[in-house]
Amino acid sequence: MQAVPFVRHSEVDVLIIGAGPAGLMCANALANARVNVRIVDQRASRIAAGNGDGISPRTIELLQSYGLAERLLKECCQIHLAAFYNPSSTGGIELTNRTLNVTALSARYPFEELYQLNEIKATLNQAAIQDIFLDSMTSLGVEVERSTMPTSIELSKDEDELADPTSYPVRVVLQRLDESEGAQPEEIVYAKFVLGGDGAHSWTRKQFDITMDGEQSDSIWGVMDLVPDTDFPDIRNKCLAQSNHGSLFVIPREKDLIRLYVQLEEKDVIDPVTGRVDKDRMGPDQIFKTAQKSLEPFKLNQEGEFLWWTIYSVGQRVASKFSINNRVFIAGDACHTHTPKAGQGMNASINDSHNLDFTSGIGIHYHPSVVVNDTYQELAGSLVLGKRVPPCKFMRAADGRPFELQDLLPSDSLFKLLVFTGEFSDPLQQARVESMVADMQKPVSFLNRYATPGSSRFDIITISKGRKDEFNLLRLPALLRPHWSKVFVDDTDPTANFGGEGYSYFGVGSEGALVAVRPDGYVGAIAPLDRAEVLDAYFASFMKIPA
């Protein structure tokens, strides 16, 4: 009688399929939050293509909240200007506009970045931004399980099981593609949640018959990295050239490198039998000749060899839905695809996963409810519910050191309570603050109601009005100074070069305000100092009392 092979069974809170930007971002964020997470990828090694992309100012802010931006800022090429060229009357192209690449006034990082590779030839097969995630995950004890692919996925139809947050209603069969000695080739995983971050041809999406809606035809692009020899004046700026030969996108990269995105004719690269891109029909030399034509009358030659090139097709599409019963999700290219002109592919993927780590949604307009109570929005007009806290600098009361407020709001799974006390030296305002503290110290207050033994779900940051040379943080109630590093003053820095405008910038008046900031850095609730019960209702609408 033949023995039945043993199949391993396991449970995990979150199973991530695909180790691209969306999957890695989600795995790193969940590992930071001490969530039991696994991430699998069919590829045997890190990606060998697509190793350069623009990172938007908002994405840099987001990575900073996870402590990952410092390395990025050291390694990246910054882009401050953008140029636009259009067809001229002589048949070539001419400059029509040169402007700031980032025009958002609230951007903390007013530039776009192209991440670079430390050793161009040696690490051409590594995407640097993904290396940052991978190194961070390793420090948290999470590794990508490579050469592993899903072969089936089933979601329970039992409504009670789907509604139970402790259940594991998703069954996934994983198959090992390599033959490691002693490793079981098949495993059945039961998960609370599954995220499909498995790219534009997402296996996860196809298993649930989710359609991609949008453009019916794809645009074809050739992409290449090279060192140019050119008289084109905007070669070190981000540039979009619309010519009679198609579109050309120029991206400056590290050292003397540039990246070219060259729009190609479908007839030149598509196999008429398969309908797919055939790289044998066009190589880098032909792509480069198209780029040269698009830049006329400027000359464009190359120094040395092409360091990397590819051809790909993409249409702008979005999935008909992003989740199944809030148990199986898709993110990144699995649910939306973009042309390179938008520069949104990786940025949207990273932000998707940041969104998923806090399930109430990000950057959208919510209908008023207990969770979204906009009654007191006017108390902090520039801190908009459902949007991220804008950058602003305050002085730490204890030592006068300037701090960027966003750096006080890390993505660490804690809610932040910003207490704008107003002018605490004013007796009437001091009485209001002390009354508020008394309310928040009651057993029924959210601070105590949802506390866990030995830890808190909340981080209190106090921001007062006043002069730093007169302010005494020890006069504040103890609740508002849990540590000397948590008290700030809205005053200029020691050199008087910046600061002192935080209250006016955020629209906070002399009466002060309470602002609850979600773990993802977005504003969740606003209340007057004498209405702490507004925050009680906000947290009661979704938090559970610890067992």
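The set of residues in region 478-494 being open to solvent by 20 Å² or more (accessible area, probe 1.4 Å) and of a type outside the set (Phe, Trp, Tyr) consists of Ala478, Leu479, Arg481, Pro482, His483, Ser485, Lys486, Asp491, Thr492, Pro494. Within region 354-385, count every residue that is at pLDDT below 90 and within 25 Å of the chain's Cα centre (by Cα). Going through region 354-385 one residue at a time, the tally reaches 16. On the basis of being closer than 30 Å to Arg34 by Cα, among the small types (Gly, Ala, Ser) and buried (at least 18 other Cβ atoms within 10 Å of the Cβ), does Ser445 make the cut? It is true that Ser445 is closer than 30 Å to Arg34 by Cα, among the small types (Gly, Ala, Ser) and buried (at least 18 other Cβ atoms within 10 Å of the Cβ). For region 338-345, does any single residue satisfy the condition of being modelled with pLDDT of 70 or more and either basic (Lys, Arg) or closer than 21 Å to Val515 by Cβ (or both)? No, every residue in region 338-345 fails to be modelled with pLDDT of 70 or more and either basic (Lys, Arg) or closer than 21 Å to Val515 by Cβ (or both). The test for being open to solvent by less than 30 Å² (accessible area, probe 1.4 Å) and more than 27 Å from the chain's Cα centre (by Cα) holds for Ile235. Starting from region 203-225, take each residue that is open to solvent by 70 Å² or more (accessible area, probe 1.4 Å) and list its partners that are not hydroxyl-bearing (Ser, Thr, Tyr), counting only C-beta distances under 7 angstrom and pairs at least six apart or across chains. Between residues of region 203-225 that are open to solvent by 70 Å² or more (accessible area, probe 1.4 Å) and residues that are not hydroxyl-bearing (Ser, Thr, Tyr), the close pairs are Gln207/Ile153; Asp213/Arg317; Asp213/Val318; Glu215/Gly315; Glu215/Gln316; Glu215/Arg317; Ser217/Gly315. The residues of region 480-504 that are within 28 Å of Asp439 (Cα to Cα), in contact (Cβ under 8 Å) with a residue 24 or more places away in the chain and of a type outside the set (Lys, Arg), listed by number, are Leu480, Trp484, Ser485, Val487, Phe488, Val489, Asp490, Gly502, Tyr503.
Restricted to strands (runs of 3 or more DSSP E) entirely inside region 133-210, those with at least 2 residues that are touching a helix residue (DSSP H, G or I) at 6+ places or on another chain (Cβ under 7 Å) are 148-155, 186-196. In this structure, Ser504 does satisfy being farther than 30 Å from Asn28 by Cα, among the small types (Gly, Ala, Ser), open to solvent by 40 Å² or more (accessible area, probe 1.4 Å) and not in a loop (DSSP other than H, G, I, E, B). If the condition is being open to solvent by less than 30 Å² (accessible area, probe 1.4 Å) and touching a helix residue (DSSP H, G or I) at 6+ places or on another chain (Cβ under 6 Å), then region 266-301 contributes Val269, Met282, Leu300.
I want to confirm something. Restricting to region 307-356 and keeping residues that are among the small types (Gly, Ala, Ser) and open to solvent by 40 Å² or more (accessible area, probe 1.4 Å), which single residue is farthest from Gly18 (Cα to Cα)? Filtering region 307-356 for residues that are among the small types (Gly, Ala, Ser) and open to solvent by 40 Å² or more (accessible area, probe 1.4 Å), the one farthest from Gly18 (Cα to Cα) comes out as Ala342. From the list Arg38, Arg43, the lone residue that is outside any helix (DSSP H, G or I), modelled with pLDDT of 85 or more, basic (Lys, Arg) and under 17 Å from Val194 (Cβ atoms) is Arg38.
Of everything in region 1-19 that is of a type in the set (D, E, K, R) and at pLDDT 95 or above, the residue that is least open to solvent (accessible area, probe 1.4 Å) is Asp13.
Pairing residues of region 83-109 that are farther than 29 Å from Arg58 by Cα with residues that are hydrophobic (A, V, I, L, M, F, W, C) and not in a strand (DSSP E or B), at Cβ distances under 9 Å and at least 6 apart in sequence or on separate chains, gives Gly92/Leu295; Gly92/Phe298; Ile93/Leu295; Ile93/Phe298.
Go through region 257-306 and give me each residue that's outside any helix (DSSP H, G or I) and at pLDDT below 90.
Initially, region 257-306 is screened for residues outside any helix (DSSP H, G or I), giving 257-265, 270-278, 282-283, 296-306.
Those that are outside any helix (DSSP H, G or I) and at pLDDT below 90: Leu257, Glu265, Ile270, Asp271, Pro272, Val273, Thr274, Gly275, Arg276, Val277, Asp278.
Residues that are among the hydrophobic types (A, V, I, L, M, F, W, C), assigned to a helix (DSSP H, G or I) and touching a residue at least 40 places away in the same chain (Cβ under 8 Å) do occur in region 460-474. Among the conditions (1) within 26 Å of Ala33 (Cβ to Cβ); (2) free of Cβ contacts under 8 Å to residues at least 12 places away in the same chain, the only one that Phe403 does not satisfy is (2). Residues that are open to solvent by 50 Å² or more (accessible area, probe 1.4 Å) and in a loop (DSSP other than H, G, I, E, B) were ranked within region 510-540; the one that is nearest to Asn32 (Cα to Cα) is Arg531.
Among the candidates Leu418, Leu405, single out the residue that is out of contact with any Phe, Trp or Tyr (no Cβ under 8 Å at 6 or more places or on another chain), modelled with pLDDT of 95 or more and within 14 Å of Gly521 (Cα to Cα).
Result: Leu418 is the single residue among Leu418, Leu405 that is out of contact with any Phe, Trp or Tyr (no Cβ under 8 Å at 6 or more places or on another chain), modelled with pLDDT of 95 or more and within 14 Å of Gly521 (Cα to Cα).
Among the listed residues Phe420, Phe403, identify the single one that is outside any loop (DSSP other than H, G, I, E, B), open to solvent by less than 30 Å² (accessible area, probe 1.4 Å) and not β-branched (Val, Ile, Thr). The conditions single out Phe420.
Answer yes or no as to whether Asn32 is closer than 21 Å to Pro519 by Cβ, crowded, with 23+ Cβ neighbours inside 10 Å and of a type in the set (S, T, N, Q). For Asn32, the condition - closer than 21 Å to Pro519 by Cβ, crowded, with 23+ Cβ neighbours inside 10 Å and of a type in the set (S, T, N, Q) - is not met.
What pairs come up if the first residue lies in region 239-256 and is at positive phi, the second is open to solvent by less than 10 Å² (accessible area, probe 1.4 Å) and of a type outside the set (Lys, Arg), and their beta carbons are under 8 Å apart, counting only those six or more places apart or on different chains? Final answer for the pair search is Gly246/Val262; Gly246/Ser294.
The values are calculated or read from the model by the stated rules, or taken from the named source; none is laboratory data. On a predicted model such as this, the values are computed, not experimentally measured, just so you know. Please note: Cβ atoms are built from the backbone with ideal geometry, for glycine as well, and neighbour counts cover all protein chains shown. The protein model used for the area step is the full one, side chains on, heavy atoms only, and it has no ligands, DNA or RNA in it. Shrake-Rupley method; radii C 1.70, N 1.55, O 1.52, S 1.80 Å.
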